[in-house]
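Heads up, the thing below is written out as C-alpha cells.
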Amino acid sequence: MNHHKSLAIFILLLSLILSYFSARSFLSMRENEKYYPSESNTKIKPLSDYFEGIKNTRGDTPVYLFENEQPGGTILILGGTHPDEPASNITTVCLMENLKISSGRVIIIPRANNSGFTHSDPQEGNPQRFYFKTKSGERWFRYGSRSTNPIDQWPDPEVYRHYPSGQKLSGAETRNLNRAYPGRPDGSLTEKITYAIMQLIKDEAVDLAIDIHEASPEYPVVNAIVTHPLAFDLTGEVVLYLQMEDFEFNLEQSPENFRGLSHREWGDHLQIPAILMETACAMHGRYHGSKNADKAITGLDRFYIEADKHELLSVPYPENGIPLKERVGRHLKTIQKILEIWNNYNPEKSIVVENIPDFFEMQEKGVGAFLVSGE
Ligand SMILES: [Zn+2]
C-alpha cells in the first residue's frame, strides 16, 4: 500500500514537472522578439490606432513610422504576413534597424499577422525560434505559423467565402491574412486586421506598398515580383535593372480573379501601386528533410539538392542551399531599386532612404552584422 502511494506521488510530481516545462515552452511562443529601430524612427503606433476593433486582441501589432522634415511620398512595407516565412519579417527588421530617411516616409509593420507569430503549425516540425549572432551577442526571432492562431479565431468554416467577392477557398484559409483583404470591420479577426491595414493606407496617404513573402523552391511563383497592374511600369523597370546586375527575377502580373491578396486588393480598392515579393525557402516545400533553427538561417537541405538534380524546382538550388542572407539581401535590393525608380518618376513624392544593407556586404558578413546588438 505504502509502496503504491509513493509511486503515485512520484508519477504526480513527474507529470507536474513535465507540464511545467511544456507549458513554459508553449507560452514562450507568445513572447515578442525585440526590435531596435534606427534614429529615423519618429513614432511607434499600434495598428488599432487605425481601427479600434482590434484593440486588446492579438491581432493588434506595432506600426513603425520613419520620417524626416523633408516631405515626400510614403511607402508601406509589410513583413510577417506569413510568420513562417523568415526572410519576410527579417527583411523589415534589417530595414528598421539601419535606414536613414532623407525625404519622405517609410512605414513598416514587421509582424503584420501578429497572432500568427504566437503559435506554430502543428505537424510541421518547425523550430520555435531561430538565432543570429550580432556584434555583441545573440538575438532570437520567432518562427511562427502561416495563419492566425486558432485561439484567436475559431472554428474554421467548412468553406471560406472571401468577402466581398464570394470566392470559395478551403476553410483553413479563413485565417490566412493574405486571403482576407480588403477585410471588414465586423468580420473575423483576420478580416479586421486587413481592414485596419486598409484604413492605415488611407489615413497615412500611402503612395505605394510592398508585402514581403517566401515560398517553396518548387512553387512556380518564386524569386518573383508579383505586381498589381498599377505598379506594372515601375516593377517592369525594376526587374530590367536587377537583371542587368545579374539578379534573376520573374515579373508576374497578379491574377485579377484571385481575390483577397494584399497587393491585389490594395491596388483595386485604394488605387495605389502594390507589389508582392517572393524568395525561395527550403523549409516550405514538400521535399524538405527535418527542420531546425539552423536550417532557417542556412536554407540548406540535402533533399532539395536532390530535387534540383531531378529538375523538380522552379529556381536553381545550389550545393550550399539558399541562405537567409541571400533571401533577405534580394528583398532589400529590390526595395532599394523600387525606391530608386519610384523617385525618378515621382520627384515631388520622392522617398530617399539611405543605409539600406547592401546585398554583397550581407553575403560577406551575414544578417547578424546588420542587426543591432542585443542586450
Ligand atoms: Zn507568404
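General remarks:
- When you restrict to C-alpha pairs under 8 Å that are six or more residues apart and normalise by the size of the chain, the relative contact order lands at 19 percent.
- Rounded to the nearest Hz, the phi-derived 3J(HN,Hα) couplings of the range 214-224 under the Karplus curve 6.51 cos²θ - 1.76 cosθ + 1.60 (θ = phi - 60°) are 9, 9, 6, x, 8, 5, x, 9, 9, 6, 10, where x marks glycine and proline.
- Subset of 100/365; 43/349; 34/202; 135/325 violating a 25 Å alpha-carbon distance limit: 34/202
- Estimated [θ] at 222 nm from DSSP helical runs (n ≥ 4, -39500 (n - 2.57)) normalised by residues in the chain, nearest 500: -10000 deg cm²/dmol
- Restricting the range 237-276 to GluC sites (Glu not before Pro) that sit in a DSSP loop and have at most 16 other Cβ atoms within 10 Å of their own Cβ leaves 245, 248, 256.
- R0 of 22 Å, Cβ-Cβ distance residue 124-residue 303: FRET efficiency to nearest 0.05: 0.90
- Taken along the Cα-to-beta-carbon direction at a fixed 7 Å, the label points for residue 240 and residue 204 span 3.0 nm.
- Loop-located trypsin sites (Lys or Arg not before Pro) in the range 1-91 (DSSP state not H, G, I, E or B) with no more than 15 neighbouring Cβ atoms inside 10 Å: 34, 55.
- Of all the options 11, 77, 193, the one that moves most in a Gaussian network model of the chain with Cα springs shorter than 10 angstrom is 11.
The numbers here are math on the coordinates, done by the rules we state, and not lab data. Because the structure is a prediction, the values reported are computed rather than measured. For neighbour counting, all protein chains shown are included, and Cβ atoms are generated from backbone atoms with ideal geometry for every residue, glycine included.
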